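Quick notes on the structure that follows.
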Amino acid sequence: MKRTISFILTIALLLSAACIPTLAEENKSSSWPVIELKGTETILNALEIDRDFRQQSYSGPGKQYNPCGAFLARKVVSVKAVHKENGFVLAEVDNRSGKRYVYFEEKDIQAGDVETVSWTPVPARTLSTIHPFYFGPGKQYDKVTQRTKSKYLDYTMEELLWIFDFDTDKIEKALEDTFPTVTLEAGSPVNVLFETDGWLLCEFDCTVAGLTRGWLPADQVAAE
């Protein structure tokens, strides 16, 4: 009887041990990779014939993604290339007024030695309304905004004078573009690419900004 019980327990332990790798693989396959962002110091490719030429950046590796600003090479404090993807380079840019992770076309940045990557998007949803979110893994990075042109641009000066009671300061202010921060509503579908320092680089189609990659807090996103 004791031998029978011992045999049954042994079989149970072996089966349990055999199941552990399978469960681990299933859990691993349902989550996203966790990586460390390691940038390599580099520079943007300034044009000697035009020192005022600006390199356009995007939130993702393609011109279909939301534009993230055009950078003047001689005014950038530092650039760190992280990796290449789809003919673009992810880089951390310090532009005096702020820092952000953005994508440049390979021709616009010297990043020959960084690795080329390919991500498998993991479908997920936001657990709460996220406002704002950022251009990097942390609140020390710029907030994601969307440029909105002034609604008074098509008005004549005569019309503006009457609207603003001949106050030229108010007219000047009214003609400026605005940059509202972008909001993701609770339950929004996103594709997670990877996680670093408790933040997720996610891709989503935002009503205001269009196709965008942005960084969201990991505890506010759940895989589907």
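Amide H to amide H distances under 5 Å link I109 with N45, where only residues 5 or more positions off or on other chains count and H is placed in the peptide plane. Near the amide H of F71, within less than 5 Å, lie the amide hydrogens of Q55, Q56, S57, all on another chain or at least 5 residues away, with H placed in the peptide plane. Counting only aspartates and glutamates at least 8 places from K84 when in the same chain, those with an alpha carbon closer than 12 Å to its own are E105, E106, D113, E115. With 24 Å as the limit on Cα-Cα distance, the pairs of K80/K139; K75/K170; K75/K99; K107/K143 that go past it are K75/K170; K107/K143. Per-residue extension of 0.36 nm, minus the Cα-Cα distance of D113 and W162, leaves a gain of 11.7 nm for this segment.
Proximity of backbone amide H atoms, modeled 1.01 Å from N, is registered between Y134 and V144, W215 at under 5 Å, excluding neighbours fewer than 5 places apart on the same chain.
We did not get these values from a lab; they are worked out from the coordinates using the rules stated. Fair warning: this is a prediction, and the values are worked out from it, not measured in the lab.
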